[in-house]
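> Submitted below is the structure of interest, expressed as structure tokens.
All of the numbers you see were taken from the coordinates with simple rules; none came from a lab. Since we're looking at a predicted model, the values are computed, not measured. Ideal geometry is used to build each Cβ from the backbone, glycine not excepted, and the neighbour counts take in all protein chains shown.
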Amino acid sequence: MISQELKVSTSEKHRLLENLPLNRHLMSRNVRLEDYAQILDLLYAIHLHLEKKIYFSLSSDVISQLEFNSHSTALLKDLKELGIEEPKTTDRSWPESISNPSQALGCCYVLQGSLLGGIVIMRHLEKTFSEHIVSCPFHYYSQWADSPSFRWKNFTENLNKISYQSLFNRDDIIHGGRLTFDVFIDTFSFQGR
């Protein structure tokens with residue numbers, strides 16, 4: 001199953017991303033609302049960039065089967081509620097990324113999977129910010145909060161079925177997942193300096 005292969009082949013990059021200083025700070029008790037806004041701004045730029053690649057590479061039928069929705073829309077809503085009208089990081093250069101439909105499937109896997117971790121992050125931030133009586137929007141992090149296990153199971157089952165179509169190449173799907181992590185790692189490493 002391609003979802004399991006993606007999990008295994010991206011696990012090291014996933015660990016690396018989680019351990020970057022910016023992500024560790026996000027999960028600390030010292031995180032401030034300004035830090036959260038900075039990370040949302042970075043996430044918005046990343047998602048906007050990658051979603052353009054996905055929507056260009058995959059048919060609307062495949063996107064519908066995957067139940068893939070734009071995460072950049074939710075991120076922009078969060079930013080606006082924090083008083084940030086114009087995201088700062090959208091005009092940056094990007095490392096090599098998605099260039100074909102198979103790689104776009106791997107990218108979808110990483111972006112959808114980030115919503116699972118987002119629930120943990122959201123709960124941590126709710127607790128941390130409530131101690132300081134700070135109101136905070138969570139449109140991005142709460143997208144799957146209602147039924148994460150069901151949504152992930154649905155997504156991976158659909159991904160596994162779609163990946164068997166002749167249009168898609170297993171190695172490219174895995175490469176797309178790894179490239180997607182590289183975009184996150186590159187962006188978060190640069191900003192964490």
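> Could you tell me the relative contact order of the chain? Use alpha-carbon pairs under 8 Å, at least six residues apart, and round to a whole percent. If you can, show how the numbers build up before the last one.
On the way: 221 pairs, mean separation 74.8, N = 193.
The normalised contact order for the chain reaches 39 percent.
> On to the next question. Add -39500 (n - 2.57) for each DSSP H run of 4 or more in the chain, then divide by its residues: what number comes out at 222 nm, to the nearest 500 deg cm²/dmol?
Here the helix-only value at 222 nm equals -23000 deg cm²/dmol.
> Can you match Rg and Dmax of the Cα atoms in Å to one of these, [x] 18.7, 76; [y] 16.3, 53; [z] 16.8, 49, based on a calculation from the structure here?
Label of the calculated value: [y].
> Here's something else I'd like to know. Taking neighbour counts of Cβ atoms within 10 Å as a proxy for exposure, in what order, fewest first, do 157, 51 appear?
Details: 157 12, 51 21.
Arranged by neighbour count, lowest to highest, 157, 51 become 157, 51.
> Pick from 181, 56, 138 the residue whose mean-square fluctuation is largest in a GNM of the chain, springs joining Cα atoms under 10 Å.
56
> DSSP H helices in the chain with Cα extent of 15 Å or more along the helix axis and mean Kyte-Doolittle hydropathy at least -1.0?
2-18, 33-57, 71-81, 101-130, 170-191
> Label-point separation (nm) for residue 64 and residue 170, each offset 7 Å from Cα along Cα-to-Cβ?
3.0 nm
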